[in-house]
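Comments concern the structure below.
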Amino acid sequence: MGAATLFFILSLQLWFVITIVVSSCNGAKTRGMFVFGSSIVDNGNNNFLPNTTAKADYLPYGIDSKMGPTGRFSNGRNMIDVLGKLLGLRQLIPPFLHPGTQGKKILHGVNFASGGSGILDQTGSIVSKVISLNEQISNFERTTLPDLKSEIENRYHEDDGGDKLVSNELSKYLFIVETGGNDLLLNYFAKMNMNTDITVDHKHKTQRNNIGLQRFTNKLITLLSSDLKKLYSMGARKFVLISVQAIGCVPVVRATFHKENRSCVEFMNQAAVLFNTKLKSLVHKTKPQMPDATVVYVNFYGIIDHIIRNPAKSGFREVNTACCEVEKRSHGVLCKRRGKTCRNRKEHVFFDGLHPTEAMNIVIANKAYASRLTDNVYPFNIRRLSRI
């Protein structure tokens, strides 16, 4: 064997090893993502809902995206887009309601999220008709799952009897669930009499309100736990639960309750912490009913709260107000159609009255994917989850 031939063989072997390593680092074991939740992760489903005001299909949404306004509630990418790239997925996850989301288009996953939705079916009624979490899971079960099964069987030249094959493939997808915030903001707090909480010391709230919040939160967690078990019964094995953000610190809440100093509204944050504590407990509590599942908890609240308290360390400056000019008809939540925007969007935490900027979404996704701190992601990061 000549030296040139030997060199070629060794080079080929080295290239093969490097390819495997790189593929592993890019999360090659992850086929894709199925996404369920609210406007934080919605990438265009609400565009196709005729009777909802919760839409982001107009400028200035998408102002920093080559695609323009897509229905994402951000100036650019949301955290799912960024996470998909970190996982090495070759394309963006398509929205369920898009007519083209079928066939091979669904092989890398589908996004079912709907802005304004919640765990409870009635959450979101304030913005008219949206797709609740329960409906999102039904859409996966009745439409996407049969379509995916057909695609997988065709891909592996199987017909009927391919349930084991489909289950094996499903175990390689991440099931992302981001929900609960709207149940608190648009349901619990919208229904209770807020005047008392605004005018008195929050430490002296009535015991009845605390008990009511406990019961409400327990109900949400019980329903969400059942939803996870339902997905598990369909073949889901890798779950990512994204916590509720610091809802007392979002611009619309600050502007509504603390107009003068724009400080955070702590009783709302306390409600989010209560929900998140119980949500995090599902990492272990679901194990008896979901023995083969792995559940990861992303501390969206903690990540964004840390930046709000220490913005400069992460390159941010503005944490109190929205980057875009907000629409009064949306109660200060959504951007005004073709309204003004701030120039330094990378320095703003929030793009509108509720949703993070692309810059903030990049921080959240990167910490969820790679952080080694259990304060950010528990019990380990999504990169490790993707390799299981």
Worksheet, complete the sentence: Note, residue 36: beta-carbon cut-off 15 Å, +1 each Lys/Arg, -1 each Asp/Glu, net -3
Discussion item. Using the Karplus curve 6.51 cos²θ - 1.76 cosθ + 1.60 with θ = phi - 60°, what ³J(HN,Hα) values do you get for each residue of segment 322-332, in whole Hz, with x for Gly and Pro?
Written reply: 6, 6, 9, 6, 8, 8, 5, 5, 9, 6, x
Worksheet item: For residue 373 and residue 338 in the same chain, what is the full-extension length gain: residue separation times 0.36 nm, less their Cα-Cα distance, in nm?
Response: 8.6 nm
Discussion item. How far apart, in nanometres, would the label points at residue 313 and residue 66 be if each is projected 7 angstrom from Cα along the Cα-to-Cβ direction?
Written reply: 3.5
Discussion item. Less than 20 Å apart at the alpha-carbon level, and either on another chain or at least 8 residues along: which aspartates and glutamates does that give for residue 172?
Written reply: 81, 141, 147, 151, 153, 158, 163, 227, 292
Discussion item. Give the lysines whose C-alpha is closer than 16 Å to that of residue 340, dropping any in the same chain fewer than 8 places away, or say none.
Written reply: 328
Worksheet item: Efficiency by 1/(1 + (r/R0)^6): what FRET value for residue 57 and residue 141, r their Cβ-Cβ distance, R0 = 25 Å, to the nearest 0.05?
Response: 0.40
Fill in: Å² per residue, accessible surface of the chain at 1.4 Å
48
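Leaving ligands, DNA and RNA out of it, report the carbon-plus-sulfur percent of the accessible area of the chain at a 1.4 Å probe. Each step should come with its number before you reach the end.
Values: 9920 of 18690 Å².
Looking at the chain in its full context, I get 53 percent from C and S.
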Practice prompt. Could you work out the longest stretch of the chain that avoids the chymotrypsin sites (Phe, Trp or Tyr not before Pro) located in DSSP loops with at most 14 other Cβ atoms within 10 Å?
Written response: 157-379
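Counting only other residues whose beta carbon sits under 15 Å from that of residue 222, what net charge do I get with K and R as +1, D and E as -1? Before the final figure, lay out the partial values.
Working: positive: 215, 219, 229, 230, 278, 285; negative: 121, 183, 227.
Its environment carries a net charge of +3.
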Response to the item:
CD proxy, 222 nm, the chain: helix-only mean residue ellipticity via -39,500 (n - 2.57) per DSSP H run with n ≥ 4, per residue, nearest 500, stands at -11500 deg cm²/dmol
Practice prompt. Would you calculate the separation in nanometres between label points at residue 167 and residue 191, each defined as 7 Å from the Cα along the Cα-to-beta-carbon direction?
Written response: 3.9
Item to complete: Choose one answer from 46, 111, 320: the residue with the largest mean-square fluctuation in a GNM of the chain with alpha-carbon springs under 10 Å.
Response: 320
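Using a 10 angstrom Cβ neighbour count of at most 16 plus a DSSP loop assignment to flag exposed GluC sites (Glu not before Pro), which longest range of the chain is free of such sites? Walk me through the intermediate numbers first.
Values: sites that count: 158, 260, 325.
The answer is 1-157.
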Practice prompt. Between beta-carbons, use under 14 Å as the cut-off and find the net charge around residue 365, counting Lys and Arg +1, Asp and Glu -1.
Written response: +2
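So what's the convex hull volume per residue for the Cα atoms of segment 30-386, in Å³? Intermediate results must be reported in sequence, preceding the final value.
Details: hull volume 46.3 nm³, N = 357.
Once divided by residue count, the hull of segment 30-386 is 130 Å³.
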Item to complete: Can you spot the lysines whose alpha carbon is less than 17 Å from residue 287's alpha carbon? Ignore those fewer than 8 places along the same chain.
Response: 229, 230, 238, 278
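The values are calculated or read from the model by the stated rules, or taken from the named source; none is laboratory data. Values in this document were obtained by computation on a predicted structure and should not be read as measured data. Cβ atoms come from the backbone with ideal geometry, glycine included; neighbour counts cover every protein chain shown. Heads up: the accessible areas ignore ligands, DNA and RNA and are worked out on the full protein's heavy atoms, side chains in. Shrake-Rupley method; radii C 1.70, N 1.55, O 1.52, S 1.80 Å.
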